[in-house]
1. Restricting attention to segment 105-124, which residues are assigned to a loop (DSSP other than H, G, I, E, B) and open to solvent by 50 Å² or more (accessible area, probe 1.4 Å)?
2. Return yes or no: is residue 87 open to solvent by 70 Å² or more (accessible area, probe 1.4 Å), farther than 14 Å from residue 2 by Cβ, touching a residue at least 60 places away in the same chain (Cβ under 8 Å) and not β-branched (Val, Ile, Thr)?
3. For segment 44-58, give me each residue that is within 19 Å of residue 29 (Cβ to Cβ) and surrounded by fewer than 21 Cβ atoms within 10 Å (Cβ to Cβ).
4. If the requirement is being open to solvent by less than 20 Å² (accessible area, probe 1.4 Å) and over 11 Å from the mean Cα position of the chain (by Cα), which of these qualifies: 29, 68, 37?
5. Anything in segment 1-21 that is surrounded by 18 or more Cβ atoms within 10 Å (Cβ to Cβ) and within 20 Å of residue 65 (Cβ to Cβ)? List them, or say none.
6. Being touching a helix residue (DSSP H, G or I) at 6+ places or on another chain (Cβ under 9 Å) and hydroxyl-bearing (Ser, Thr, Tyr) narrows it down to one residue among 28, 58, 78, 69; which is it?
Amino acid sequence: QVQLVESGGGLVQPGGVLRLSCAASGRTFSSYGMGWFRQAPGKEREFVAGIDWSGGNTYYPDSVKGRFTISRDNAKNTVYLQMNSLKPEDTAVYYCAARRRGRIGIMPNEYDWWGQGTQVTVSS
């Protein structure tokens, strides 16, 4: 069983930055593919970033490409999401997810474990 705990959410003005962290339990974190998703009220859960087990490969949808950066520190069992140039449409609950397979997944059903989520609100 893997437990994921997100932190770093909050209220930020448009154009601002936030850095989310996701701390994972377990001794095999370094073998997992990791992803960040978000869900706004009334909308489906949306993939925003993925990273493979090594950290050498990442993937982003066009909606966040160039603004968001995912990274991981396997020594600390932690994955990060750096969010720059935030927009009001980025407002959502952000979830960290882990999958047994080491490659990147882009669909929610490809992931085996989920964090509880952290709220990100972009508003002036």
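1. Residues of segment 105-124 assigned to a loop (DSSP other than H, G, I, E, B): 105-107, 111-112, 115-117, 123-124.
Those that are assigned to a loop (DSSP other than H, G, I, E, B) and open to solvent by 50 Å² or more (accessible area, probe 1.4 Å): 106, 107, 112, 116, 123, 124.
2. So residue 87 passes the test.
3. 52, 53, 54, 55, 56, 57, 58
4. Among 29, 68, 37, only 29 is open to solvent by less than 20 Å² (accessible area, probe 1.4 Å) and over 11 Å from the mean Cα position of the chain (by Cα).
5. 12, 18, 20
6. Working: 28 fails: touching a helix residue (DSSP H, G or I) at 6+ places or on another chain (Cβ under 9 Å); 58 fails: touching a helix residue (DSSP H, G or I) at 6+ places or on another chain (Cβ under 9 Å); 69 fails: touching a helix residue (DSSP H, G or I) at 6+ places or on another chain (Cβ under 9 Å).
78 is the lone residue from the list that is touching a helix residue (DSSP H, G or I) at 6+ places or on another chain (Cβ under 9 Å) and hydroxyl-bearing (Ser, Thr, Tyr).
The values are calculated or read from the model by the stated rules, or taken from the named source; none is laboratory data. The shown structure was predicted, so the numbers you read here are calculated from the model rather than taken from an experiment. Ideal geometry is used to build each Cβ from the backbone, glycine not excepted, and the neighbour counts take in all protein chains shown. SASA here: full protein model, heavy atoms, side chains in, ligands and nucleic acids out. Shrake-Rupley method; radii C 1.70, N 1.55, O 1.52, S 1.80 Å.
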